[in-house]
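One structure below.
The values are calculated or read from the model by the stated rules, or taken from the named source; none is laboratory data. Keep in mind it's a predicted model, so treat the numbers as computed, not measured. Virtual Cβ from ideal backbone geometry, glycine too; neighbours counted across all protein chains shown. Remember, those area values only see protein heavy atoms, side chains included, never the ligands or the DNA or RNA. Shrake-Rupley method; radii C 1.70, N 1.55, O 1.52, S 1.80 Å.
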Amino acid sequence: MTNKVSTKWTQGMKFETIGPNGVSLILGSSLEGDNEKVASPKALMLSSLATCSAIDVVSILEKMKVKFSDFKINTIGSLTKEHPKYYNKVTIEYYFYGEQLDKKKIEKAVNLSITKYCGVMEMFRSFAEITTEIHYNS
């Protein structure tokens, strides 16, 4: 399986990217004095990592019939100081909300995503040290 993404310059430092499913995103870098905010490519990488793992976790927990009221992931990336700047350290914080959360099953679902299913996680492992944390809130 292959994916093709088309990226076209729109203006300034903004680019329209169209993915294989036809979804369009505007990426780039905001110029000084520019009121329009755009997602940066590096920030989108962190978002892709979180979403990849979140899809796995929610899917696994649904199969395990684990109840939770909400779920979010914070992904924090540290960039190298020298060019080319890339994320060399990434922390992924999983937050689960709900009453009587089944922590054992949640930890198993997160671990399966981290070690087996999330392809974006595997790509990040080739260039970054990854740490994970699981937080529970009622």
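Quick notes
- Qualifying residue in the stretch 90-105 (condition: under 19 Å from the mean Cα position of the chain (by Cα) and small (G, A, S)): no
- Filter result for S69 (closer than 29 Å to M13 by Cα and either at pLDDT below 95 or out of contact with any Lys or Arg (no Cβ under 6 Å at 6 or more places or on another chain) (or both)): no
The rows are residues; the columns are (1) in contact with a strand residue (DSSP E or B) (Cβ under 8 Å, 6 or more places away or on another chain); (2) within 25 Å of E62 (Cβ to Cβ); (3) of a type in the set (G, A, S).
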{"residue": "L79", "(1), (2), (3)": "yes, no, no"}
{"residue": "P84", "(1), (2), (3)": "no, no, no"}
{"residue": "Y87", "(1), (2), (3)": "yes, no, no"}
{"residue": "K108", "(1), (2), (3)": "no, yes, no"}
{"residue": "L112", "(1), (2), (3)": "no, yes, no"}
{"residue": "V120", "(1), (2), (3)": "no, yes, no"}
{"residue": "R125", "(1), (2), (3)": "no, no, no"}
{"residue": "E129", "(1), (2), (3)": "yes, no, no"}
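- Cβ-Cβ under 8 Å pairs, at least 6 apart or on other chains, the stretch 1-30 side farther than 16 Å from L44 by Cβ and of a type outside the set (V, I, T), far side open to solvent by 60 Å² or more (accessible area, probe 1.4 Å) and assigned to a loop (DSSP other than H, G, I, E, B): K4/P20; G12/L31
- Restricting the stretch 36-52 to residues that are among the aliphatic types (A, V, I, L, M) and out of contact with any Gly (no Cβ under 9 Å at 6 or more places or on another chain), the residue that is farthest from G119 (Cα to Cα): L44
- A single member of G98, G119 is at positive phi, modelled with pLDDT of 95 or more and not hydroxyl-bearing (S, T, Y), and it is G98.
- Selection count where residues are touching a Ser or Thr at 6+ places or on another chain (Cβ under 8 Å) and within 30 Å of K65 (Cβ to Cβ), scope the stretch 76-100: 7
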